[in-house]
Amino acid sequence: MARGLDILGDPWTLLVLREVFFGNGRFDAMKSRLEVADSVLTKRLSGLVKSGLLTKRAYDDGGRTRSEYVLTEKGEDALPVLNAVTLWSEKHLPAPSEQAHMYVIHRGCGQRTSSADTCTRCGERLTAANTSWHSQTRTTSPVKLATAAAGTGAAA
Ligand SMILES: [Zn+2]
């Protein structure tokens, strides 16, 4: 557990991963959403790339090539950790507003789950591909999660 916490035990790191799962992997957008200093965000992103949870991918920004951050398979495997923190918070901590709730939804059956890795309604295992998060501070309907970029898994 201590080895995992070296990477996943930092609040900003989990929030950065949350943003990338929400499909929000561009530096300026993450910075704006998290209201975080450049230096803090840069440090977490480089740590996540170095640890192999994120990778950079080029995208075209109106004729300029820029980089965005996407999940690797190793990063995608952290989904149950983020789900667990979300579900525990919803169960035990008051939300600052009705809008501030965040729900984990299994897309297969469309129901909220109260388990981090398995749908409590239908029993299917949760993956980024079949899971949505719903935070009304962000969107009115649930957001399909980002999955690992192609070719980022361990070599076969
Ligand atoms: Zn289900």
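Please go through segment 6-27 and give me each residue that is farther than 10 Å from Leu82 by Cβ, of a type outside the set (A, V, I, L, M, F, W, C) and touching a residue at least 40 places away in the same chain (Cβ under 8 Å), ordered by number. Once the filter is applied, which keeps residues that are farther than 10 Å from Leu82 by Cβ, of a type outside the set (A, V, I, L, M, F, W, C) and touching a residue at least 40 places away in the same chain (Cβ under 8 Å), segment 6-27 yields Gly23, Gly25, Arg26. Looking only at residues that are in a loop (DSSP other than H, G, I, E, B) and under 16 Å from Leu79 (Cα atoms) in segment 121-134, which one is nearest to the ligand (Cβ to nearest atom)? Going through the qualifying residues, I end up with Glu124.
Condition check ((1) within 15 Å of the ligand (Cβ to nearest atom); (2) in the same structural domain as Phe21 (by TED's automatic domain parsing); (3) over 19 Å from Thr147 (Cα atoms); (4) surrounded by 14 or more Cβ atoms within 10 Å (Cβ to Cβ)) across all residues:
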site	(1), (2), (3), (4)
Ser46	no, yes, yes, no
Val49	no, yes, no, yes
Ala58	no, yes, no, no
Tyr69	no, yes, no, yes
Thr86	no, no, no, yes
Pro96	no, no, yes, no
Val104	yes, no, no, yes
Arg112	yes, no, yes, yes
Ala116	yes, no, no, yes
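The values are calculated or read from the model by the stated rules, or taken from the named source; none is laboratory data. Only a predicted model underlies this, so the values are computations on that prediction, with no experimental measurement involved. No Cβ is skipped: glycine too gets one built from the backbone with ideal geometry, and neighbour counts run over all protein chains shown.
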